[in-house]
1. Filter segment 291-340 down to residues that are over 12 Å from the mean Cα position of the chain (by Cα) and assigned to a loop (DSSP other than H, G, I, E, B), then give me how many there are.
2. Would you check which residues across segment 30-40 are touching a residue at least 40 places away in the same chain (Cβ under 8 Å) and out of contact with any strand residue (DSSP E or B) (no Cβ under 7 Å at 6 or more places or on another chain) and list them?
3. With respect to residue 338, determine if the residue is aromatic (Phe, Trp, Tyr), farther than 20 Å from residue 190 by Cα and at pLDDT 95 or above.
4. For the list (1) in contact with a Ser or Thr (Cβ under 8 Å, 6 or more places away or on another chain); (2) at pLDDT below 95; (3) surrounded by fewer than 19 Cβ atoms within 10 Å (Cβ to Cβ), I need the number of the one condition that residue 301 fails.
5. May I ask you to list the residues in segment 40-64 that are more than 14 Å from residue 146 (Cβ to Cβ) and part of a loop (DSSP other than H, G, I, E, B)?
6. Checking residue 80 against (1) assigned by TED's automatic domain parsing to the domain that holds residue 56; (2) more than 16 Å from ligand 1 (Cβ to nearest atom); (3) under 20 Å from residue 46 (Cβ atoms), which single condition isn't satisfied?
7. Going by the structure shown, is residue 128 more than 11 Å from ligand 1 (Cβ to nearest atom) and assigned to a strand (DSSP E or B)?
8. Could you list all residues from segment 176-199 that are over 21 Å from residue 313 (Cα atoms) and either at pLDDT below 95 or not hydrophobic (A, V, I, L, M, F, W, C) (or both)?
Amino acid sequence: MTMTRTTPPRPVDIAAVFPELAPLARTTTRLHPRPGNPTSWESSVGGPLLWPIDDPWPYCEEPHFHGESLKTLADVRLQRDMLTAAWKRPRQPGVNLLTPEEDAIIKRIQAGHSWTDEPIAMIPVAQLYARDIPDLHPPPGCDLLQVLWCPFGHDDENLPRVKLVWRSSSIVTSLLSNPPQPVAVESEDYVPEPCVVHPEQIIEYPALSDLDEALREQIKAWQEREKPIADVGSFAYSFGLSVAPGWKVGGWTSFSFRDAEPAICSCGTQMQPLLRIDSTEWDGGSGSWIPIEDQALNRNPDTSYTRPWEPVMVTIGRSYTMQIYTCPASVDHPPVAWMQ
Ligand SMILES: [Zn+2]
Ligand SMILES: [Zn+2]
């Protein structure tokens, strides 16, 4: 198994074409999550947290969706395991993928169950040690960020409610070995697969929406000129030359369906991107960012239930991203999370 992931060089050094971009360069750490068995002592996505036994586990006590299609975590894991195994079996045309017994179990899971009005135990989303993630900048005395969320939609955007915990890993001695599990999750889209990470630091430039208008127009004009001679996807500034896709820490952020605007803390400070949670590690437009080690895999995507560009199996809205921002003025100011 490959232990690193390497972003291919950008097809153009855009800061050489537009020197105004050079001072705007930022580093970001791409996490490159891939399914695995991380431990509490490792950085991970969806893996076990280094959680002190005497520290209360966070619960969400806010109002929750009262539908009848709720699932348990165990249901979500069983469904994924069954479908993964079924896809690995030899298949004959016209024969169902699932055995009748498996089909009955999947139908039961899909039907879900109805509401119980209990608080919802949050679930691990990411655990990031500063030693692994050069773009993680913990507050003094801390070296570890833990991200949890409530696996239900909240507020207008229907996003999971996020909680951030900063810790000093060196003072954690006795671990909570069986953290509480939520009685239900609203959607399997909010259940991350346990993934190991392969952090890689790269350079990003601002999204077009973060540039002043004059430079934005110059870059758009350059793109138009380059289009006939280049693979449009990788040359386009937005897709190939500015902000990387996938899960990442720090760097610049980008917007898809949502109008671009800065996140402003209630103290008046402009918040900065902390962690981006992405529905896909790459898509049709951002293929130039596929790590060198994954390019062969990407050419044979239909041989398994899980797809190489969706290693975490988390989906935000219609395959959007969730950007978590924090306030540089104080770690005590609440983070915000936007679907964008
Ligand atoms: Zn909640
Ligand atoms: Zn603030």
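The values are calculated or read from the model by the stated rules, or taken from the named source; none is laboratory data. Note that the structure is predicted; figures quoted are calculated from it, not measured. Because the Cβ atoms are built from the backbone with ideal geometry, glycine has one as well, and the counts that use them run over all protein chains shown.
1. Here the count works out to 19.
2. 37 - this is the single residue of segment 30-40 that is touching a residue at least 40 places away in the same chain (Cβ under 8 Å) and out of contact with any strand residue (DSSP E or B) (no Cβ under 7 Å at 6 or more places or on another chain).
3. Considered against the rule, which asks whether it is aromatic (Phe, Trp, Tyr), farther than 20 Å from residue 190 by Cα and at pLDDT 95 or above, residue 338 comes out as no.
4. Of the numbered conditions (1) in contact with a Ser or Thr (Cβ under 8 Å, 6 or more places away or on another chain); (2) at pLDDT below 95; (3) surrounded by fewer than 19 Cβ atoms within 10 Å (Cβ to Cβ), the odd one out for residue 301 is (1).
5. Within segment 40-64, 53, 54, 61, 62, 63, 64 qualify.
6. The number of the failed condition is (1).
7. When the stated conditions are applied, residue 128 passes them.
8. Selection gives 177, 178, 179, 180.
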